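Some notes on the structure that comes next.
Since every read-out is calculated from the coordinates, none of them should be taken as a lab result. Quick caveat: nothing in here was measured; it's all calculated off a predicted structure. Counting neighbours? That spans all protein chains shown, and the Cβs are built from the backbone with ideal geometry, glycine included.
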Amino acid sequence: MENVKVRMIKMEPIRVRCRSCGKEVKACAGKSVCCGCSNITTIKGNVISAVDMGKVIMLNTYNPIDVERSLTPSELEWQEDRRKRKVRKLDFEDRSFK
Ligand SMILES: [Zn+2]
């Protein structure tokens, strides 16, 4: 697990800004981070969610297609699979950052 932490630190964390409240939300490994307003802009792991995604601005390089894909059954299956294997670093990087 220590190896995972190292990889997470080296990678640029996902950052988004909520246009509803103007707050910047930065991904934090191992927990979900929420902007706190009614739009509920949330980053959990590599998944970005919000009541209105149109009010969410990506602040760093991130493929929006992956955001949508993160909600598909195959993605959930992948997350479940990842949890079982307890291998996070490679899948995270390959799937989320291009
Ligand atoms: Zn907000």
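Below 12 angstrom from the Cβ of residue 27, what's the summed charge of the other residues (Lys, Arg +1; Asp, Glu -1)? Please list the in-between numbers first.
Details: positive: 15, 26, 31, 44; negative: 12, 24.
Here the count lands on +2.
So if R0 is 30 Å, what FRET efficiency would residue 21 and residue 83 give, r being the distance between their Cβ atoms, rounded to the nearest 0.05? So, using R0 = 30 Å, E works out to roughly 0.40.
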